[in-house]
Structure formats: structure tokens, C-alpha cells
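Asker: Below: one structure in C-alpha cells.
The values are calculated or read from the model by the stated rules, or taken from the named source; none is laboratory data. Note that this is a predicted model, so its numbers are computed, not measured. Cβ placement follows ideal geometry from the backbone for every residue including glycine, while neighbour counts extend to all protein chains displayed. Surface areas here come from the heavy atoms of the whole protein model, side chains and all, with no ligands, DNA or RNA. Shrake-Rupley method; radii C 1.70, N 1.55, O 1.52, S 1.80 Å.
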Amino acid sequence: MAMLKNLLFSLLALLGGFIALALVTTVASWLPPLLRLQPDSVAQLIWDLVFTVLGGIVAVGFTTRHAPRWPRSHGGALWLLIAAAALWACLSPQYDLPRWFVLALLLSLPVQLLAGLYLGRRSARSR
């Protein structure tokens, strides 16, 4: 029974991380029209990059924080999915992303992992 409970809570932690990522990127998509950022401008790309990195950090942090066991493994598993999606988007010919954006996104992947693991850590007293 305990194993089933851990499995359920592990899946919920991963699902929660995806939801956190979706919430951050949704808020990021609502704000540019209010700030009057021009679509397809450099400012819009920088905005997208910042919130992509922030979303990755929040998602990894949430998953790490709420995993029932092996929190860093859960955060790392979600990060692997985020990294795979970023690599796919950078290498996909359907997206015409500037080279600086691709480079910054790929270089931000370790930052997303480390910052998310740091933010999601639990103190020894809370265990």
C-alpha cells in the first residue's frame, strides 16, 4: 500500500510541475499585449526566454519540493523532459529562432535544473 501511495504522489508531483510550468507560461503570454510589446520583436523574444527559464525553474522546484521520496530524482526527471523539449524546439526547422536565443536557451538548461533543485529543497526539520 505504501508503494502505491508513493507512486501516486510521485505522479502528482510530476503533474504539478507540468501545471506550474503551464501557469508561468500562460501568465507570460498574457502580459506582452498589456505591456505593448511588438510580436516577433527582440523584446518579445527576450520576454519569452526569461519566462521559459523561469517556468523551468518553477516546475523543477515544485516537483522537487512535493516528491514523496528522492526529490532530486523527480526534479531531474522533469528537467530531462524540459531539456528534451527545448532541444527539439531549437533543432526543429519549423521554428526560425535566432542563434542568440537558441544559445541562451540551451545554456540556461543547467541553471533551470540547479535553481529548481535549490528552490525545491526541504530543510532537515520539515522531513
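Asker: Multiply the residue gap between Leu119 and Ala43 by 0.36 nm, knock off their C-alpha separation, and tell me the result in nm, one decimal place.
Answerer: 24.6 nm
Asker: Using the heavy atoms of the protein chains and a 1.4 angstrom probe, tell me the accessible area per residue for the chain in square angstrom. Don't skip to the answer; put the middle values down first.
Answerer: Numbers: 8610 Å² over 127 residues.
It amounts to 68 Å² per residue over the chain.
Asker: May I pose another question? Of all accessible surface on the chain at a 1.4 Å probe, what whole percent is carbon and sulfur?
Answerer: Ligands and nucleic acids excluded, carbon and sulfur give 71 percent.
Asker: Let me ask something additional. Using R₀ = 22 Å, calculate the FRET efficiency as 1/(1 + (r/R₀)^6) where r is the Cβ-Cβ separation of Ser29 and Arg99; round to 0.05. Can you show the working numbers first?
Answerer: Working: r = 24 Å, r/R0 = 1.08.
Rounded to the nearest 0.05, the efficiency is 0.40.
Asker: Among the trypsin sites (Lys or Arg not before Pro) within the stretch 1-96, which fall in a DSSP loop and have no more than 14 other Cβ atoms within 10 Å of their own Cβ?
Answerer: Taking the stretch 1-96 and a limit of 14 other Cβ atoms within 10 Å, the loop trypsin sites (Lys or Arg not before Pro) found are Arg36, Arg69.
Asker: Restrict the search to the stretch 58-122; then list the chymotrypsin sites (Phe, Trp or Tyr not before Pro) that DSSP places in a loop and that have at most 16 other Cβ atoms within 10 Å of their Cβ.
Answerer: Values: sites: Phe62, Trp79, Trp88, Tyr95, Trp100, Phe101, Tyr118; in loops: Tyr95.
Hits after loop and neighbour filter: Tyr95.
Asker: Nearest 10 degrees is fine. How inclined is helix 71-91 to the longest principal axis of the chain, computing both from alpha carbons?
Answerer: For helix 71-91, the angle is close to 20 degrees.
Asker: Measure nothing fancy, just the Cα-based angle from helix 42-66's long axis to the longest principal axis of the chain, in degrees from 0 to 90, nearest 10.
Answerer: 0
Asker: Once a ≥ b ≥ c are taken as the square roots of the eigenvalues of the Cα gyration tensor of the stretch 53-127, is the result rounded (a/c under 1.5), prolate (a/b larger than b/c) or oblate (a/b not larger than b/c)?
Answerer: Prolate, because a/c is 1.5 or more and a/b exceeds b/c.
Asker: Assuming R0 = 25 Å, can you tell me the calculated FRET efficiency for the pair Leu107 and Leu81, based on Cβ-Cβ distance, to the nearest 0.05?
Answerer: For R0 = 25 Å, the calculated efficiency reads 0.85.
Asker: Please give the solvent-accessible surface of Ile82 in Å², to the nearest 10, using a probe radius of 1.4 Å with every protein chain present.
Answerer: Answer for Ile82: close to 20 Å² accessible.
Asker: In whole Å, largest first, what are the principal axis extents of the Cα atoms in the stretch 1-101?
Answerer: 54, 30, 18
Asker: May I ask you to evaluate 6.51 cos²θ - 1.76 cosθ + 1.60, the Karplus curve with θ = phi - 60°, for each residue of the stretch 105-114 and list the ³J(HN,Hα) values in order in whole Hz, giving x for glycine and proline?
Answerer: Computed from phi, the couplings for the stretch 105-114 are 5, 5, 6, 7, 4, x, 5, 4, 5, 5 Hz.
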